[in-house]
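All remarks here apply to the structure that follows.
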Amino acid sequence: MQSHPLRPGPPGIHRCGMRAVLAALVCVSSPAWADDTSAPAQHALAMQAYETSHYAQAAQLLEAPCAANDARSLEVLGFMHWYGSALYGEGPWQRARGRELLSRAAEAGSEVARVVLHPGRRNSPVRMAQRDSR
């Protein structure tokens with residue numbers, strides 16, 4: 001058997017290899033965890049949307065893990081609401097909701113949220129809320 005001059009190896013290997021590549025692409029483009037509704041899986045999907053600047057979609061995807069009290073999701077969505085349109089463009093951003101989500105994240109074990117919420121921190125949501133209420 002001779003191989004094709006542009007395809008090294010015996011004939012037929014290229015086709016089998018291409019099938020394997022196509023099968024792998026199908027698996028990658030529709031990962032099994034895409035249908036998973038667990039908090040870590042939903043957080044992962046939300047972070048993919050976040051990293052591609054689809055912030056409204058990320059916020060929507062973070063709602064379910066936040067309802068399950070996932071600390072990382074509460075932290076991310078809390079920051080998104082806190083910084084709002086200044087960083088994330090138009091959206092349903094609410095500062096009070098950001099403060100509430102960050103507080104829940106701190107209670108769920110987020111050290112970052114705990115430090116951010118510390119009243120001694122100059123621009124903490126707690127201090128800014130106190131200034132806003134005056």
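The values are calculated or read from the model by the stated rules, or taken from the named source; none is laboratory data. These figures come from a predicted structure and were not determined experimentally. Every residue, glycine among them, receives a Cβ derived from its backbone with ideal geometry; neighbour counts consider all protein chains shown.
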| task | Go through (1) of a type outside the set (Phe, Trp, Tyr); (2) within 18 Å of Leu117 (Cβ to Cβ); (3) at pLDDT 95 or above and name the single condition Leu62 misses. | result | (2)
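Kindly evaluate Ala59 against the criterion of being touching a helix residue (DSSP H, G or I) at 6+ places or on another chain (Cβ under 8 Å) and assigned to a helix (DSSP H, G or I). So that I can check it myself, show each step before the final result.
Values: touching a helix residue (DSSP H, G or I) at 6+ places or on another chain (Cβ under 8 Å): yes; assigned to a helix (DSSP H, G or I): yes.
Judged against the criteria, Ala59 is a match.
Can you report the number of residues in the range 78-90 which are crowded, with 16+ Cβ neighbours inside 10 Å and outside any helix (DSSP H, G or I)? Working first, answer last.
We begin by selecting, within the range 78-90, every residue crowded, with 16+ Cβ neighbours inside 10 Å; these are 78-82, 84, 88.
Checking which are outside any helix (DSSP H, G or I) leaves us with 84.
Number of matching residues: 1.
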| field | Filter pass, Glu75 being in a helix (DSSP H, G or I), free of Cβ contacts under 8 Å to residues at least 24 places away in the same chain and of a type in the set (D, E, K, R) | value | no
| task | Would you please name the residue that is surrounded by the most Cβ atoms within 10 Å (Cβ to Cβ), looking only at residues in the range 63-77 that are out of contact with any Gly (no Cβ under 9 Å at 6 or more places or on another chain) and farther than 12 Å from Pro40 by Cβ? | result | Leu74
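With respect to Ala106, is the statement that it is at pLDDT 70 or above and in contact with a Lys or Arg (Cβ under 6 Å, 6 or more places away or on another chain) true?
Spelling it out, Ala106 is indeed at pLDDT 70 or above and in contact with a Lys or Arg (Cβ under 6 Å, 6 or more places away or on another chain).
Checking the structure you have, find out if any residue of the range 38-45 is among the aliphatic types (A, V, I, L, M), modelled with pLDDT under 90 and farther than 19 Å from Leu101 by Cβ.
To start, the set of residues in the range 38-45 that are among the aliphatic types (A, V, I, L, M) comprises 39, 41, 44-45.
Now drop any that are not modelled with pLDDT under 90, which leaves 39.
If we keep only those that are farther than 19 Å from Leu101 by Cβ too, we end up with none.
No - not one qualifying residue is present in the range 38-45.
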| query | Does Gln48 meet the test of being crowded, with 16+ Cβ neighbours inside 10 Å and in a helix (DSSP H, G or I)? | reply | no
